[in-house]
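Every number here is computed from the coordinates shown, using simple stated rules; none is lab data. Here the structure is a predicted model, which is why all the values come from computation and not from measurement. So basically every Cβ, Gly included, is an ideal-geometry build from the backbone, and we count neighbours across all protein chains shown.
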Amino acid sequence: MTATLAIDLPITLSLHALNRAAVEQRSRFLLALKYFELGEVTSGQAAKMCGMGRVAFLAESGRCGTPAVELSAEELLQEFADV
């Protein structure tokens with residue numbers, strides 16, 4: 001189930017972007033990224049929100065500084081204990 005949300009953006013975003021479609025895509029991605037960062041949606045849900053595949057979303061998220069997985073210090077030690 002999905003819902004549609006309309007957001008008024010400053011005209012300056014439109015003036016600096018290549019076109020309206022680019023602004024819309026970037027806005028969808030950034031909104032999905034923030035919900036993912038907050039743990040409110042899964043990576044799959046976030047990817048679907050912005051019309052991307054999950055792997056592409058995670059790759060782009062990483063380029064934006066958002067890790068795909070956040071591990072505690074203890075979890076990280078456990079991950080590397082057998083290495």
Those helices (runs of 4 or more DSSP H) lying entirely in the range 20-78 with at least 1 residues touching a Gly at 6+ places or on another chain (Cβ under 9 Å), more than 21 Å from Asp8 (Cβ to Cβ) and of a type outside the set (A, V, I, L, M, F, W, C):
54-63
Cβ-Cβ below 9 Å, separation at least six or inter-chain, first residue in the range 31-43 and at negative phi, second loosely packed, with under 15 Cβ neighbours inside 10 Å and among the small types (Gly, Ala, Ser): which pairs?
Ser43/Ala68
